[in-house]
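None of the figures in this text is laboratory data; all of them are computed from the coordinates on show. From a predicted model like this one, the values you see are computed outputs, not experimental measurements. Cβ placement follows ideal geometry from the backbone for every residue including glycine, while neighbour counts extend to all protein chains displayed.
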Amino acid sequence: MVSKKIAAAIAIIVIIAIIAVAAQQFWMQKPKAEEVEIKIGLLVDLSGPLASLGEDIRDTCLIGVEDINAYFAEKGQPYRVKLFIEDTKVDPKVALDKVQALHGKGVTLILGPMGSGEIKQIAEYVTANKIIIVSASSTAIPQLLGITKPEERKFIFRFVPTDAFQTEAIAREAADLGIKGVIITYQGNAWGKGLTDFSKIKLEAGGIEVKDAIEYSDPPPADFTPYIAVMEKDLNELLQKYDKTQIAIIAFSYGEVYTMLSQVDVKSPLFEVKWLGCDGTAKDRKIADIPEKVN
């Protein structure tokens, strides 16, 4: 009786082992699942005024894609991310063209674009076509972009605080530096106009005179000399009221401020006063060359 039970147990174990081996062979021989390509667009500036920042974003995304695809391969998952990189030059019209081209390739998730002016230009198209966009650097307030209602921003995501916060910091910095009068120069898009409007309110509330707000085109001009002449005129008038240590130029610009500064004569009074920048110029590698030129 005992021997029969042992035999039965052995038989069951053998059957289980056979089933296990058979199952293993079945799964090993099972046809590999067809690879699924996950298409993601990347809209960055690689040849315009934000190129140095755009290159950093591109390189970071490439590392991310490599890591994600390595993870899928390690886990035996049939997925692979394909990144479509497009250069917008921070030009709103180019951005819309690139979005439409990516959509034609079946892309419905886009990282970028970088500029608020670009977001405004593409907002209607991406919403109508249910394309998700994720911008890491657009800061203009929603009212200036036309995305105040939930249905207008359903597919638009932005990672950073709006310019309402940035201009508060700029106004406080100017006050801490003892500034009494400023001249603002700005790029004429939703981002530049928003920064200028908010700054005027906050600077003047702090007792700082805003002498002038000088707008230039978007995309920026190649020749800044007409704008430089206006800034010098405004500065000379401010110098009649304040010491040069109490005056600042506030530039709401992208990397084109490097071009502007490069066209200023080294003996210009513009180089004798402080310059304050913003998120569009922070850590720009080219702009760091200007102090050496002046000195």
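Can you tell me the dipole magnitude for the chain around its Cα centre, using point charges on the Cβ only (Lys, Arg +1; Asp, Glu -1), in Debye to the nearest 20?
Values: 34 positive and 40 negative charges, 336 e Å.
The dipole magnitude comes to about 1620 debye.
Modelled spin-label separation between residue 288 and residue 177, with each label point placed 7 Å from Cα along the Cα-to-Cβ direction: 1.9 nm. In the chain, the longest principal axis of the Cα atoms and the axis of helix 163-176 are about 50 degrees apart. For the pair residue 79 and residue 128, the difference between a 0.36 nm per residue extended length and the Cα-Cα distance amounts to 14.9 nm.
Take the convex hull of the alpha carbons in the chain; its mean projected area over all directions comes to 24.3 nm². A crude spin-label estimate for the pair residue 259 and residue 159, with each label 7 Å from Cα along the Cβ direction, gives 2.7 nm.
Work out the length of the dipole vector of segment 36-158 about its Cα centre, built from +1 on the beta-carbon of each Lys and Arg and -1 on the beta-carbon of each Asp and Glu, and round it to the nearest 20 debye. Before the final figure, lay out the partial values.
Values: 15 positive and 16 negative charges, 95 e Å.
With only Lys, Arg, Asp and Glu charged at Cβ, the dipole is about 460 debye.
Over the chain, Cα pairs under 8 Å with separation of 6+ residues give a relative contact order of 14 percent.
Computed from Cα positions, the angle between helix 116-128 and the longest principal axis of the chain comes to roughly 40 degrees. According to the square roots a ≥ b ≥ c of the eigenvalues of the Cα gyration tensor, what is the shape class of segment 177-235, taking rounded for a/c under 1.5, prolate for a/b larger than b/c otherwise, and oblate for the remainder? Because a/c hits 1.5 or more and a/b fails to exceed b/c, segment 177-235 counts as oblate. The separation of segment 194-260 from segment 121-150, counted between C-alpha centres, amounts to 28 Å.
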